[in-house]
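The values are calculated or read from the model by the stated rules, or taken from the named source; none is laboratory data. Everything numeric here is computed off the predicted structure, so don't read it as measured data. Note that we place each Cβ from the backbone using ideal geometry, even for glycine, and neighbour counts take in every protein chain shown. The accessibility values were calculated without ligands, DNA or RNA, using every heavy atom of the protein model including side chains. Shrake-Rupley method; radii C 1.70, N 1.55, O 1.52, S 1.80 Å.
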Amino acid sequence: MDKKVTEKQIQWYPGHMFKSIREIKEKLKLMDLVMILLDARLPLSSMNPDILKIVKHKPILILFNKMDLADTNILNEHMSYYEKNGFAGLKIDAQSQINTNKIHEKAQSVIKEKLDRNKSKGLLERPIRTMILGIPNVGKSTLINALSGKKATKTGNKPGVTKAQQWIKLGSNFELLDTPGVLWPKFGDRKVGYHLAVTGAIKDDIIPMDDVCHYALLFLKEYYPKRLLDKYEIPLDMYDYLEMLDQIGKQRGALLKGAEIDYDRVYHIILTDIRNKALGGLSFDRF
Ligand code: G4P
């Protein structure tokens, strides 16, 4: 078993990278505010530091999405970390629309000075022009639908904007510039690739499942041993990866003919349980 995930294996769309960067840079000046969507289970691995450098002179609101799947205490620690570094943040569940109704108010507070200035000039209040950035699968489309209250609709070109731009109205509060908004994660650390794979941000066929499950089980053993005991009856003093796989296989009846363990099914069970919250809220990034 090769436990190494190499950068080569997980750098899967460099072409998009350059296109996204160019588009973001070009359109940034039209924005009142940039929303960065992070995965609440991995608020560090799902942030691309290069993007932060590009957008940092704009007002930024960080949305920690999939809060329902995260370990609340750890998520709160990460939110404090970002806050200490000057970023406004809000945890949300775009799927069940938890806290999504607070986004506008939070965004207004981030650009309060600009709004006050406009008001003092007698300008009418208008929707906040924004851009939603995030790695694949983090929930951008789900959030866009939640904010629009219905299926998002494209509006015509804006007067005063020289180049034709497609704006999408999100309810009466926001206008979104029609960009793909897709970022790529940065794999500075091997753990980042694993965290993205375990949570499903990287497709399952990119990294060998055995590798991902090995990482996941040892991680769970270190941070959530009681949950492994409760869910799979993995004894607290069992640390061996293969023994743990066998235990899960036996307990869940993932067996081939002749009672051998069906490892492919075991990998599937582990990853499905992690992603569906069958092991409770989990946070993978740690300080
Ligand atoms: P993207 O545009 O950024 O690529 O992501 P998208 O909205 O397509 O969301 C990816 C998956 O994440 C979807 O699940 C979506 O339902 C789910 N999702 C988005 N926000 C949340 C959230 O806050 N909590 C949870 N638990 N899930 C969320 P899917 O399995 O691809 O589709 P489906 O579940 O909608 O069928």
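Just a few scattered comments:
- Surface/4 of the Cα convex hull for the chain, nm²: 17.0 nm²
- Accessible carbon and sulfur surface of the chain relative to its total accessible area, %, 1.4 Å: 52 percent
- Here the convex hull built on the C-alpha positions of the stretch 208-275 has a volume of 77 cubic angstrom per residue.
- Among the listed pairs Lys25/Lys53; Lys29/Lys140; Lys231/Lys277; Lys25/Lys106, those with a Cα-Cα distance over 18 Å are Lys29/Lys140; Lys25/Lys106.
- Comparing Ile269, Tyr241, Met209 along the charge dipole axis of the stretch 208-275, the residue lying farthest to the positive side is Ile269, per the Cβ-charge model.
- In the full protein context, the stretch 12-114 carries 48 Å² of accessible surface per residue, based on a 1.4 Å probe and ignoring ligands, DNA and RNA.
- Peptides 54-66, 30-42, 117-129, 244-256 ordered by packing proxy, namely the average of other Cβ atoms within 10 Å per residue, highest first: 30-42, 54-66, 244-256, 117-129.
- Cross-link pairs Lys27/Lys66; Lys84/Lys226; Lys58/Lys91 - those with Cα-Cα distance over 23 Å: Lys27/Lys66; Lys84/Lys226
- Furthest towards positive pole of dipole, Trp184, Leu42, Gln251, structure part the chain, Cβ charges: Trp184
- Cut-off 12 Å, label 7 Å out along Cα→Cβ of Lys56, residues of the stretch 80-114 by amide N: 85-87
- Mean residue ellipticity, 222 nm, helices only, the chain: the sum of -39500 (n - 2.57) across DSSP H runs of n ≥ 4, divided by residue count and rounded to 500, is -12500 deg cm²/dmol.
- Seen from Lys119, the other residues with C-beta closer than 13 Å to its C-beta sum to a net charge of +2, counting Lys and Arg as +1 and Asp and Glu as -1.
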